[in-house]
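Only one structure is covered here, and it is reproduced in the block below.
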Amino acid sequence: MVIQPRIKGFLCTTAHPLGCEQDVANQIGVVTAGGKLKTGPQRVLVIGASGGYGLASRISAAFGCASSTIGVFFERPSKRGRTASPGWYKSAAFTEAAHEAGLYAKNFNGDAFSAEMKSAVIDCIKRDLGQVDMVIYSLAAPARTLASGETVRSVLKPIGESFAGSTIDFNTRQLRSLQLEPAQPQEIADTVKVMGGEDWEDWINTLLENDCLAEGCLTTNYTYLGSEVTWPIYYHGTIGKAKEDLDRAAANVARSLDQVSGKAHVVVMKGLLTQAASAIPGMSVYLSLLFKAMKRAGSHEGCIEQTDRLFRTQLFAGEPLRQDEAGRIRMDDLELDDAIQDYVRRYWNEVNQENLEELTDFEGYRQAFLQLHGFDFAEVNYTLDIEPEVSMQVEALE
Ligand code: NAD
């Protein structure tokens, strides 16, 4: 079948297997160009391993440190002529490339929040690797089913007062105004339940109880602070409350890890267009302005450049970490550079339909969105009739 992007609102309902493979190859290229790291983890568990920062972290570990990796994700294989989700294609491409390079790589497709998943992963670690020396928690989930069977959902809303902003439609390139009412207390609590630190703590404690964490084990969890212009919807909104909870959880995780002399880090990453970020109201205008300013300054990075820099200059550099007063590692230094933020602040309220292309890098933002789904890669011939079904071995959840 010939696969074309089918975009509805901020969703693209198709994905291209060859483009997703190209994306993974490009990311591997970024890491291998930097050469092998002198030190690094040998056995890594990545929770949320199929997209954005999790996939990039897995590639950094495997191709930068020759790590064995276990990836946990929630993706959809192709069925009855419908394409798979991008994360399925990308994980399949990663696994094939890792195996070709002689690296161990196993995958679990299912709900990372569940006890069933934790127990299946633990069995696999014990059987194949003995223990792991790094756990990267990079989950971005819309909902969480609790042990009671109840499902709670995260929402992206402001807290206390309503939010008025704009968003850009990918299809029509039209700027639309946006008004969001403040979240109810229950919505805030539910968002913290889904995107806060509780499940990270759960994973680490369960892995520890089962003796799956090696001496000196490191764990990371990614957060975002961003620019003051997005604070009303992000940092001071429901998702920000969940992110605040990571700092609380990090202290508990660090205490638990004392028994193996391990470390826990919350890492502040740059704002980028990923599957999860595309759903955040108002982010399209901010990221389009940010991309314009950062590309002009030559400081633009994608997920892989961020994780590569995190591994090489922070986690495994053997140097003091660049941490803030809350102990978080800051990888958003280039995003928050004064000159970059001056540009964003100057034009944040001035972007309109007429000057959109001139003031922002909407074209680059739109390309990032298409590439997220495997489209718009120059190397891929999109007129070819191709098979949407791509197989990947996933481990059983018993
Ligand atoms: P993403 O949407 O690209 O990836 C999310 C991952 O979680 C995927 O692998 C997906 O399969 C997996 N997942 C979702 N629900 C699951 C479930 N129930 N069980 C198993 N796997 C599940 O997201 P991302 O943007 O890379 O976000 C990862 C982390 O990075 C999040 O904590 C996010 O807040 C943080 N972060 C993102 C940005 C950004 O701009 N995108 C910036 C800073 C920090």
#### Entry: In order through region 2-16: 3J(HN,Hα) via Karplus (6.51 cos²θ - 1.76 cosθ + 1.60), integer Hz, x for Gly, Pro
8, 9, 10, x, 10, 9, 10, x, 9, 10, 10, 8, 10, 8, 10
### Query
So which trypsin sites (Lys or Arg not before Pro) in region 191-285 are both in a DSSP loop and have at most 12 other Cβ atoms within 10 Å of their Cβ?
none
### Summary
Under the rule rounded for a/c under 1.5, else prolate if a/b exceeds b/c, else oblate, using alpha carbon gyration tensor axes a ≥ b ≥ c, the chain is classed as rounded
### Message
Checking the a/c ratio against 1.5 first, then a/b against b/c, what shape does the Cα gyration tensor give for region 314-398?
### Response
oblate
### Query
Mean separation of Cα pairs under 8 Å and 6+ residues apart, divided by the residue count of region 130-211: what relative contact order is that in percent?
30
#### Entry: ³J(HN,Hα), Karplus 6.51/-1.76/1.60, whole Hz, each residue of region 386-398, x for Gly, Pro
10, 7, x, 7, 10, 8, 8, 6, 10, 6, 6, 9, 10
### Summary
Projecting the Cα atoms of Gln131, Gln179, Val380 onto the charge dipole of the chain, where Lys and Arg contribute +1 and Asp and Glu -1 at Cβ, the residue farthest towards the positive end is Val380
### Straight-distance crosslink candidates among aspartates and glutamates, where the alpha carbon sits under 18 Å from Lys295 and sequence neighbours closer than 8 are dropped
Glu305, Asp332, Asp333, Glu335, Asp337, Asp338, Asp342, Glu357, Glu358, Asp361, Glu363
### Task
Output ³J(HN,Hα) for region 350-359: one whole-Hz value per residue in order, computed from phi by the Karplus curve 6.51 cos²θ - 1.76 cosθ + 1.60 with θ = phi - 60°, and x for Gly and Pro.
9, 5, 9, 4, 6, 9, 3, 5, 7, 7
### Message
With just the Cα atoms defining each centre, how far is region 21-93 from region 309-359? Give it in Å.
### Response
24
### Message
Using only DSSP helix segments of four residues or longer, with each worth -39500 (n - 2.57), what per-residue ellipticity at 222 nm results for the chain after dividing by its residue count and rounding to 500?
### Response
-11000 deg cm²/dmol
### Percentage relative contact order, region 308-398, counting C-alpha pairs under 8 Å, at least six apart
8
### Task
Quote the charge dipole size of the chain about the Cα centre in Debye, to the nearest 20; the model charges only the Cβ of Lys and Arg (+1) and of Asp and Glu (-1).
260
### Task
Beyond 29 Å between alpha-carbons counts as too far, so tell me which of Lys36/Lys241; Lys90/Lys126; Lys36/Lys263 fall in that bin.
Lys36/Lys241
### Task
Count neighbours as other Cβ atoms within 10 Å of each site's Cβ, and list the trypsin sites (Lys or Arg not before Pro) in region 30-120 that are DSSP loop with at most 10 such neighbours.
Lys38, Arg80
### Query
Which of the GluC sites (Glu not before Pro) across region 281-367 are loop residues per DSSP, with 16 or fewer other Cβ within 10 Å?
Glu325, Glu350, Glu354
### Base-10 log of normalised Debye intensity for region 54-138 (one unit scatterer per alpha-carbon) at q = 0.17 Å⁻¹
-0.73
### Message
Past 25 Å, Cα to Cα: identify those pairs from Lys193/Lys270; Lys8/Lys243; Lys118/Lys270, in the order given.
### Response
Lys8/Lys243; Lys118/Lys270
### Query
If amide H atoms are built 1.01 Å from N in the plane of the peptide, which residues on other chains or at least 5 residues away come under 5 Å of the amide H of Leu213?
Val132
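Which shape class applies to region 1-156: rounded if a/c is under 1.5, otherwise prolate when a/b exceeds b/c and oblate if not, where a ≥ b ≥ c are the square roots of the Cα gyration tensor eigenvalues?
Here region 1-156 falls in the oblate category.
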### Query
Can you give the accessible area of Thr39, probe radius 1.4 Å, in Å² rounded to 10?
80
### Message
From the protein chains alone at 1.4 Å, what is the descending order of accessible area for Ser85, Ser162, Ser177, largest first?
### Response
Ser177, Ser162, Ser85
### Task
Rounded to the nearest Å, what's the spacing between the alpha carbon centres of region 367-385 and region 146-205? Just the number, please.
30
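Take every Cα pair under 8 Å in the chain that's 6+ residues apart, average their separations, divide by the length, and report that relative contact order as a whole percent. Walk me through the intermediate numbers first.
On the way: 769 pairs, mean separation 90.9, N = 398.
Across the chain, relative contact order equals 23 percent.
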### Task
Sort Phe311, Phe10 from largest to smallest accessible area, using a 1.4 Å probe on the heavy atoms of the protein chains.
Phe10, Phe311
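The values are calculated or read from the model by the stated rules, or taken from the named source; none is laboratory data. This structure is a prediction, so every number in the text was calculated from the model and none was measured. Heads up, the Cβs are rebuilt from the backbone with ideal geometry, glycines too, and the neighbour counts pull from every protein chain shown. These area figures cover heavy atoms from the full protein model, side chains too; ligands, DNA and RNA do not enter into them. Shrake-Rupley method; radii C 1.70, N 1.55, O 1.52, S 1.80 Å.
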